[in-house]
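The values are calculated or read from the model by the stated rules, or taken from the named source; none is laboratory data. All of these numbers come straight from a predicted model, not from anything done at the bench. Cβ sites come from the backbone with ideal geometry, for glycine too, and all protein chains shown count toward neighbours. Heads up: the accessible areas ignore ligands, DNA and RNA and are worked out on the full protein's heavy atoms, side chains in. Shrake-Rupley method; radii C 1.70, N 1.55, O 1.52, S 1.80 Å.
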Amino acid sequence: MPNPTHRAERVSAPEGSVAFEADVLVIGGGPAGTWAAVSAAERGARVVLADKGFCGTSGATAAAGTGVWYIDPDPALREVAMANREKMGGYLQDRRWMTRVLDSTYQHSNRLADWGYPYPVDGRGTSQRNSLQGPEYMRMMRKRTKQAGVTILDHSPALELLVDDDGAVAGASGVRRQKQDRWTVRAKAVVLATGGCAFLSKTLGSNVLTGDGYLMAAEVGAEFSSMEFSNPYAISPAFGSVTKTLFYGWASFTYDDGSVVPGAASKGGRSAIARALLEGPVYARLDKADDDVRHHMRVSQPNFFLPFDRTGIDPFKDRFPVTLRLEGTVRGTGGLRIVDDSCATSVPGLYAAGDAATRELICGGFTGGGSHNAAWAMSSGAWAGQGAADYAAQVGPAAKRKLSSAGAVAFRSRPGRAFAPAALTRAVQAEVFPYELNYFREASRLQGALGRLDAAWRDVSEADAADRSEIVRAREAAAMLATARWMYRSALARQESRGMHRRDDFPDQDSRQRHYVTTGGLDEIWTSARPHAEASYAEAAE
Amino acid sequence: MIEVVDGERCTSCDICVNVCPTNVFDKTDGIPVIARQGDCQTCFLCELYCPEDALYVSPFADQAQPIDIVALKQTDSMGSYRRAVGWTDETSDRRSVDRSYLLFGH
């Protein structure tokens, strides 16, 4: 059992609020956040974890099944695992990071087995560890987080970070939405594990992922990287929410009249589906799955079948309409820029893990789904938790620091108009959902969207503070708006096609642009190019 | 979206209020109510956590659907997800039957 002195301490607070003193505050309770919390606690830190929803069901993993980039430590297997995605990712990965993520994922998966995760055993008696069932995994992670002595605040969306006089991050505050009060955690370091941003597209489990951490981080000056890699779309039944791209590998895709959509495929042919959807409905049927595959699908991902079983559709025999739902930076690779091996961001005291952080280091400009992201969540979560705990150990007593709140948009009282979060959310969605804007990018269309998004930002910057009952939605809407602007500014800066970023006006990959695009800012968005480690070595050698 | 909290089966344990990641339910003096249906993301997790199989999530993510509860209860839909993933005593062997490893790499 954890030493009780290593629990975060509840301290007195004004009426209508609760306050805690901790060494490390983790914001977000998905896989990255729970691994961060457990790892920080194991380093002796007093930890609070605040989740917007419920730690255990929140986030993209809990609702789904996910592959895990788990590779046995055989040098030949590891080499293949690293090499076979480099081309797809546009050669922006970093071999050193891939190696340490593979090592870390192997260790953490084996810990899950030790903790009793029910990994399946194959016909030869080997435990298979390259897939996790989301509900089972996250239920276990919640339990382990509690057992590690972490104080969990559920239904407690964070709204803004706290900073000290030197600009170092020193906690956060938010609301407890089921108790109608506020929370404040004074901490010596903060880990953002708030996930990516999927713009409330209802892609499975992602509606809690509205880029909240990005906004809070930008308000303290953090930088982002690879935000142009933010436009994957997942296939789902047109009426439903369950996205499971892997299974559509056994699908055929047809137009309304039953003729085949040329080139359409789940892998390597999704743009053909997007183009066809611009013209009219597209239908899928999983008719390439034989009886064995059908059985494996059903036992491996039962929720995939709920939309079908509950509407009387046999997905192996019947055609059903499909759509593409935007996954944004949840399965894109952009996020907070990582500056060292402990997953520190560019701001002192602030760490990033999971989809809140860039995954460019292991994915480059493309992810095909959960596998790499799941590996990254475990690895970066553990590193960020340890890094934050070590940083906290060097910071003096928290009580002596004078802290201020960093939140700006939706908090400032203005004589102007009321903040209207629902309308703002729809306006942002109208710029990021359309395939002709985001899937297929082109300079004048991106500039048009950016003009409207920038105008919306000026508008909300001048709006009055959001009403208490609307503050969470207002901050979510502002976060989505800011995210869309970093995405499209970065997309304009990358004048080529690479990874998932496709430019109609620059259809080819340009070897001179094998670099990362960094971005940041709120009122004014900036971008700059950062060299890829190997590309700069190669140049130095010439 | 969530459509049904069945008053016959519900024991007012409020687990659904706690576990819903998008805070769709509200506690009451009696059984929980669906207070913010439009916030439901159709993730089916409330169904999975409901020990009484008292909840039903319609697969339609964007539109509310009228549900005939009497007819629904004559099907095996309520609790079907929980049984399928092995979160009932009778089906717990299904927790370890993930065959994804046979599907990857297709």
For B:Asp62, B:Asp14, write out the residues from largest to smallest accessible area, computed with a 1.4 angstrom probe and no ligands counted. B:Asp62, B:Asp14
Pairwise FRET efficiency - A:Ala423 versus B:Asp29, Cβ, R0 = 41 Å, nearest 0.05: 0.70
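Among residues other than A:Leu159 whose Cβ falls under 14 Å from its Cβ, what is the net charge (Lys/Arg +1, Asp/Glu -1)?
Counting the neighbours of A:Leu159, the net charge comes to 0.
Determine the shape class of the stretch A:355-438: with a ≥ b ≥ c the square roots of the Cα gyration tensor eigenvalues, call it rounded for a/c under 1.5, and otherwise prolate if a/b is greater than b/c, oblate otherwise. If you can, show how the numbers build up before the last one.
Details: a/c = 4.04, a/b = 1.08, b/c = 3.73.
Because a/c hits 1.5 or more and a/b fails to exceed b/c, the stretch A:355-438 counts as oblate.
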What is the log10 of I(q)/I(0) for the stretch A:108-199, computed with the Debye formula using one identical point scatterer on each Cα and no solvent, at q = 0.14 Å⁻¹? -0.74
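For chain A, what does the helix formula give at 222 nm: sum of -39500 (n - 2.57) over DSSP H segments with n ≥ 4, over the residue count, nearest 500 deg cm²/dmol? Before the final figure, lay out the partial values.
Values: 15 runs with 188 residues, N = 542.
Result for chain A, helices only: -11000 deg cm²/dmol.
In terms of the Cα gyration tensor, with a ≥ b ≥ c the square roots of its eigenvalues, is the stretch A:233-326 rounded because a/c is under 1.5, prolate because a/b exceeds b/c, or oblate? Display every interim value, and only then the final one.
Values: a/c = 1.57, a/b = 1.49, b/c = 1.05.
Prolate, since a/c reaches 1.5 and a/b exceeds b/c.
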Starting from the stretch B:1-66, pick out the GluC sites (Glu not before Pro) whose DSSP state is loop and whose Cβ has at most 11 other Cβ atoms within 10 Å. B:Glu8
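Heavy atoms only, probe 1.4 angstrom, no DNA, RNA or ligands counted: give me A:Ile71, A:Ile471 ranked by accessible area, highest first. Walk me through the intermediate numbers first.
On the way: A:Ile71 35, A:Ile471 15 Å².
Putting A:Ile71, A:Ile471 in descending order of accessible area: A:Ile71, A:Ile471.
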Grab the beta carbon distance between A:Asp390 and A:Ser528, set R0 = 25 Å, and tell me the FRET efficiency rounded to 0.05. 0.25
1.4 Å probe, heavy atoms, protein only - residues of the stretch B:8-27 losing at least 30 Å² accessible area vs chain alone: B:Asn18, B:Val19, B:Pro21, B:Asn23
Karplus 3J(HN,Hα) series, Hz, for the stretch A:178-187 with 6.51 cos²θ - 1.76 cosθ + 1.60 (x for Gly, Pro): 9, 10, 6, 9, 10, 10, 9, 10, 8, 9
So, counting K/R as plus one and D/E as minus one, what does the shell of residues with Cβ under 9 Å around A:Leu204 add up to? +3
Probe 1.4 Å - accessible area at A:Val517, Å² to nearest ten: 0
Gap separating the Cα centres of the stretch A:255-275 and the stretch A:342-381, nearest whole Å: 32
Distance in nm between label sites at A:Gln447 and A:Glu42, each 7 Å beyond Cα in the beta-carbon direction? 5.2
Please work out the FRET efficiency for the pair A:Asn84 and A:Ala455, using the Cβ-Cβ distance as r and a Förster radius of 45 Å; give the result to the nearest 0.05. 0.55
Length-normalised contact order of the stretch A:304-398 in % [C-alpha pairs under 8 Å, at least 6 apart]: 25
Whole-percent tail of the Cα-Cα distance distribution for the stretch B:2-87, cut at 20 Å, equals 26
Across peptide A:327-333, how many C-beta atoms of other chains are within 10 Å of each residue C-beta, on average? 0
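Quick check on packing: order A:193-199, A:275-281, A:126-132, A:387-393 by the mean number of other C-beta atoms within 10 Å, highest mean leading.
Values: A:193-199: 33.3, A:275-281: 14.4, A:126-132: 19.3, A:387-393: 23.0.
Result, highest mean Cβ count within 10 Å first: A:193-199, A:387-393, A:126-132, A:275-281.
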Between A:Ser259 and A:Asp314, with labels modelled 7 Å along Cα→Cβ, what's the label distance in nm to one decimal, could you check? 2.8
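For chain B, what is the mean residue ellipticity at 222 nm derived from helices alone (per DSSP H run of n ≥ 4: -39500 (n - 2.57); sum divided by total residues; nearest 500 deg cm²/dmol)? Write down the numbers at each step before the final one.
Details: 4 runs with 21 residues, N = 106.
Counting only the DSSP helices, I get -4000 deg cm²/dmol.
So what is the diffusion coefficient of chain A in µm² per second by Stokes-Einstein at 10 °C and 1.306 mPa s, using a Kirkwood Rh over Cα pairs? Intermediate values should be presented prior to the final figure.
On the way: Rh = 23.6 Å.
It comes out at roughly 67 µm²/s.
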Percent of all Cα-Cα pairs per 10 Å bin for the stretch A:410-509, counting from 0 up to the last occupied bin, reads 16, 43, 24, 13, 3
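What average count of beta carbons from other chains do you get within 10 Å of the Cβ of residues in A:291-303?
Working: counts 0, 3, 4, 0, 2, 7, 4, 3, 8, 7, 6, 11, 10.
So the per-residue partner count for this stretch is 5.
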Compute, for A:Trp35, the solvent-accessible surface of its heavy atoms (probe 1.4 Å) with the complete set of protein chains present, and express it in square angstrom to the nearest 10. 0
Cα centroids of the stretch A:83-108 and the stretch A:134-174: how far apart, whole angstrom? 28
For the stretch B:2-87, what does the relative contact order come out to in percent, with C-alpha contacts under 8 Å and a separation of six or more? 33
Which part of the stretch A:97-121 falls in the paramagnetic zone of A:Lys143, meaning amide N under 14 Å from the point 7 Å along Cα-to-beta-carbon? A:112-119
Could you calculate the contour length gain from A:Ala113 to A:Asp292, that is, 0.36 nm times the residue separation minus the distance between their Cα atoms, to one decimal place in nm? 61.7 nm
Full-extension gain in nm, A:Ser413 to A:Gln178, via 0.36 nm per residue minus C-alpha separation: 82.1 nm
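Normalised by the number of residues in chain A, what is the relative contact order in percent for Cα pairs under 8 Å and 6+ residues apart?
Values: 1284 pairs, mean separation 110.8, N = 542.
Here the relative contact order equals 20 percent.
Rank by packing, highest mean first: peptides A:501-513, A:203-215, with packing defined as the count of other Cβ atoms within 10 Å averaged across residues. Walk me through the intermediate numbers first.
Details: A:501-513: 14.5, A:203-215: 29.8.
Order by mean packing, descending: A:203-215, A:501-513.
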HN-Hα J in Hz across the stretch A:468-479 - Karplus 6.51, -1.76, 1.60, θ = phi - 60°, x for Gly and Pro: 3, 6, 10, 4, 5, 5, 5, 5, 4, 5, 5, 5
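Over all residues in B:48-55, what is the mean tally of Cβ atoms on other chains that come within 10 Å of each residue's Cβ? Mind showing how you got there, number by number?
Numbers: counts 8, 5, 0, 0, 0, 0, 0, 0.
The shielding value for this peptide is 2.
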